Amino acid sequence: MLKKKVHKVAKDLGLSSAALLKLLKELDIIVKSHMSTLSEEEIKKVRQKISEDKKRVKKEFTRRYKRPKVKIIRKKIDPEAIKEKIKSTLAKLEKKEIKKHYKREIRVNVEEKPSEKIVEVVDFMTVAEFAQALKLPTSDVIKKCLDLGLMVSLNQRLDLDTLTVLSDEFGYDVKVMSIEDQIAPDVEVEEHERPPVVTIMGHVDHGKTTLLDAITKLRIVEEEYGKITQRMAAYQIEYHDKIITFLDTPGHEAFTAMRARGAQVTDIVILVVAADDGVMPQTVEAIDHARAANVPIIVCINKIDLPGANINRVKTQLAKANVVIEDFGGKSICVETSALKGVGISDLLDAVFVKAEELNLTAPFDKNAKGVVIEARLDRGKGNVSTILVQEGKLKKGDPFVCGAHFGRVREIFDEKVNKLTDAGPSTPVLVLGFSGLPQAGEVFFVVNNERQAREIAAKRQLVERTRKLKAKSKVTLLDLQEKIKAGETKELKLILKADAAGSVEALDEKLNELSMEDVGVKVVHKGVGKINVSDVLLAEVTGAICVGFHVGPDTNAFDAAEREGVEIRTYRLIYEALDDLRSAMLGMLEPIITEILIGEAEVREIFTIPKFGSIAGCYIKDGKVLRGAVARVKREGKEILVSKVTSLKRFKEDVKEVLAGYECGIGLEQGSDLQQGDTIQLYKVEEATAEDGK
Ligand code: GDP
């Protein structure tokens, strides 16, 4: 067996010999000095201990210092507060009649505020870049990382949590910057009024498409109508000399998918509800999506021409869904239309202008353009074509740009009628040619100063994206939320609730609300009947909720989306089980469900005692296989006498990871000194299961 001297091992581990000797003592491994030797097994134990310690320390630190991923700047000193402070100090001093010292006292008081030390960080910046930002030698940063139990190299990328902890250690607050912020710091430019951006949402067949058609017809003079060869995902209409931009994003998924990438594109949602059908599941879904995005809703009760139309019923249903219209004393404007007959369309557009005015929508015009990708496709003739909604500045032909991990130069700009444009301002949707690849809907598009810069940023983003993908997993789970509640980072357990019947949804919702405690509440972001779908998963992702299915599971697409976005789906068959789990999470007592899966059985045929190491059981694998690290349950005459872990596994003299049935091998257990010939060892793999697997 390979043996190594203590000092050599210490060097390999980046520790001093003294530190390693101390560690060995903690592990009860007896050595005389740094010249003593360590077996492979012992080295393994040391490594394991270091890694456990590291994890523990990191967890402790991140928990202690974890902060929300937002710009973190110390509160600006409030001049009013200072005045107050000065006043009160003066008052105090006046009482004591030591007027001479007024000035100095005042100065001291102001200076007592901690000085603002802020470091600008970018998610996944390297250790070297971080050190540069702090104006410190990299060795200082690496050392601090080691102190925190993190082994890092110069070019290792650090996530925001780690950067925050480290900055705190160095006495800095962090200001989180995007890559583009760093390169093109925002300049203050005067803002001007811009057209509103409107999305039409609602239940299927309630008339969204017909409504958009009616609006489009109103806009386009008849001869031009035929000119539109293909529908663009966004377009503008001009009405009474004012412009409205419509986003035609089919299904609500697109709406939330964009939000999931951080893009807020819509200013106003028009919620279409058919007067003869009323509020339906997708209507509720639309309401929840709009609410999650904090976008105001204009209600459009459509199909009023139908004999079965019952406008009042719709209004009441909406009120129940918490959309209270103006007639009922609420805030939402309500318009009645017949999209098919072209009735009420101008009222609807007027309502949009009223709301837009209320919102006071403005944007800077005189700067490099910034926008969002609405859709992108590969055109056989034109190459990569993207529909961009310009949000700020003016987009010009020839502008170099970055979009997600892609870059390019604006080769051509078209409007929705495929007219060539030379530039486009805020709220204008345009087709842009010149992309290096196909961007995704929702990705931010922005113009930079030159092509070299565009290329650089895109390359950096690709790197960051790769690192993020490697790191991204399991963003929203119940256990995760429990940790956040424990750490005081959240006071809400957010849920998306789906069940097989409306009755169950209501029952569960009611019971869940009863669960809310003084300091932790349950918030049902969306509830509905039917399987958990992609839209639910996306909504969960953007709101930081988990999906709970009662008697229903996810559909295939939702399952994939949940995997991809790291959203947990929990399914239950009994109300009390669901309530138990959620209550436990709120109390911070939820335990992961650990399951042991039987993977094999071995028979002990001989015991070998190895000096300094302990005993090894010479076994024959009767069934399945044995893995290093597996849980071993040892049985003697049918009774379980020991539960331990397989810490060493050998075939002849070789260390191996697994041995299959029909072979002999040497098994060493963590606590295995009293094994006997004839014992049976059952081997189990341990898995942390979700609630779904457990049932
Ligand atoms: P979407 O699925 O929400 O886009 O709904 P569509 O626009 O495709 O409309 C569904 C059906 O309802 C179509 O057959 C339309 O002709 C019809 N429809 C839409 N609006 C009205 C309306 O105001 N009155 C009547 N009677 N039918 C309408």
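The values are calculated or read from the model by the stated rules, or taken from the named source; none is laboratory data. Keep in mind that this is a model prediction, so the values were computed, not measured. All Cβ positions, glycine included, derive from the backbone under ideal geometry; neighbour counts span all protein chains shown. These area figures cover heavy atoms from the full protein model, side chains too; ligands, DNA and RNA do not enter into them. Shrake-Rupley method; radii C 1.70, N 1.55, O 1.52, S 1.80 Å.
List of remarks:
- The order of Cys334, Cys145 by accessible area, most exposed first and with a 1.4 Å probe, is Cys334, Cys145.
- With DNA, RNA and ligands ignored, accessible area of Leu15 (1.4 Å probe; Å², nearest 10): 60 Å²
- For Arg583, solvent-accessible area (1.4 Å; no DNA, RNA or ligand), Å²: 90 Å²
- Kirkwood hydrodynamic radius of segment 450-567, Cα pairs, Å: 16.0 Å
- Rg to Rh, two decimals, where segment 372-465 supplies the alpha carbon set and Rh follows Kirkwood: 0.94
- Measuring nothing but protein heavy atoms, the accessible surface of segment 118-177 at 1.4 Å probe radius is 50 percent carbon and sulfur.
- Accessible area expressed per residue, segment 478-591, with surrounding protein chains retained (probe 1.4 Å, Å²): 44 Å²
- Cα gyration tensor shape of segment 595-688, rounded if a/c is under 1.5, else prolate or oblate by comparing a/b with b/c: rounded
- For segment 4-64, the per residue solvent-accessible surface stands at 66 Å², with DNA, RNA and ligands left out and a 1.4 Å probe.
- Arg564/Lys49 FRET efficiency (R0 25 Å; Cβ-Cβ; nearest 0.05): 0.10
- Share of carbon and sulfur in the accessible area of segment 595-688 stands at 47%, probe radius 1.4 Å.
- If you sort Met517, Met201 by accessible surface, 1.4 Å probe, largest first, the order is Met517, Met201.
- With every protein chain in place, segment 358-435: carbon and sulfur % of accessible area (1.4 Å): 45 percent
- With all protein chains in place and ligands, DNA and RNA left out, the 1.4 Å accessible area ranks Leu649, Leu598 as Leu598, Leu649, largest first.
- If R0 equals 51 Å, the separation of the Cβ atoms of Lys5 and Gln453 corresponds to a calculated FRET efficiency of about 0.45.
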